[in-house]
Every structure is written in structure tokens, then in C-alpha cells.
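Just below is one structure, and these are the notes that go with it.
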Amino acid sequence: MTIIGLLTVVLLSSLLLAVLDMYVFHETLQQAFSKQGFGYNSWQTYLILAAAFAIPIIRRYRIIRRHRNRRNHGS
């Protein structure tokens with residue numbers, strides 16, 4: 001459920017940024033979305049984005065696993 005919420009927020013944020021770009025820079029929706037693509041940004045940007053997704057997912061998995069271990073061992 002957390003992952004679905006996170007993806008929803010990311011998609012809506014991306015759409016909001018594209019719409020704001022359209023109004024501020026007077027460009028089309030396609031041009032606004034292309035600024036969010038691979039050709040416009042460097043690999044460091046995508047590394048930070050990947051880490052922003054991966055770290056919370058890994059932490060959540062560890063918390064769930066720890067909780068299940070405690071429950072199964074009766075502690």
C-alpha cells in the first residue's frame with residue numbers, strides 16, 4: 001500500500017511540474033514532459049531518484065520482516 005501511494009504521489013507531482021512548466025515557459029505538454037526525461041537530466045539526477053524510491057522500500061521490508069520474526073517466535 002505504501003508503494004502504491006508513493007507511486008501515485010510521484011505521478012501526480014510529475015504531472016503538476018509539467019503543467020506548471022507549460023504555464024511558466026509557454027511550452028507544450030510534450031516539451032514539458034521531455035524536460036523530465038533522460039535526455040534532459042544527468043545520471044546523477046536519476047541515481048538520486050532511484051535512491052529515494054529504494055531506501056524507503058528496503059526499510060519498510062526490513063520492518064515488516066522484523067515484525068514477522070517477533071510474532072513467529074512469540075516474543
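The values are calculated or read from the model by the stated rules, or taken from the named source; none is laboratory data. Nothing here was measured: the structure is a model prediction, and the numbers come from that model. These area figures cover heavy atoms from the full protein model, side chains too; ligands, DNA and RNA do not enter into them. Shrake-Rupley method; radii C 1.70, N 1.55, O 1.52, S 1.80 Å.
Structure summary
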| quantity | calculated |
| --- | --- |
| Per residue value of the accessible surface for the chain (all protein chains in place, 1.4 Å probe), Å² | 89 Å² |
| The chain: calculated mean residue ellipticity at 222 nm from DSSP helix runs of at least 4, using -39500 (n - 2.57) | -28000 deg cm²/dmol |
| Accessible surface of the chain [probe 1.4 Å, protein heavy atoms]: carbon and sulfur percent | 67 percent |
| Taking the convex hull of Cα positions in the chain, its mean projected area over all directions (nm²) | 6.3 nm² |
| Nearest-10 value in Å² for the accessible area of Thr45, using the 1.4 Å probe | 60 Å² |
| Protein-only accessible surface order, largest first, of Val10, Val24 at 1.4 Å | Val24, Val10 |
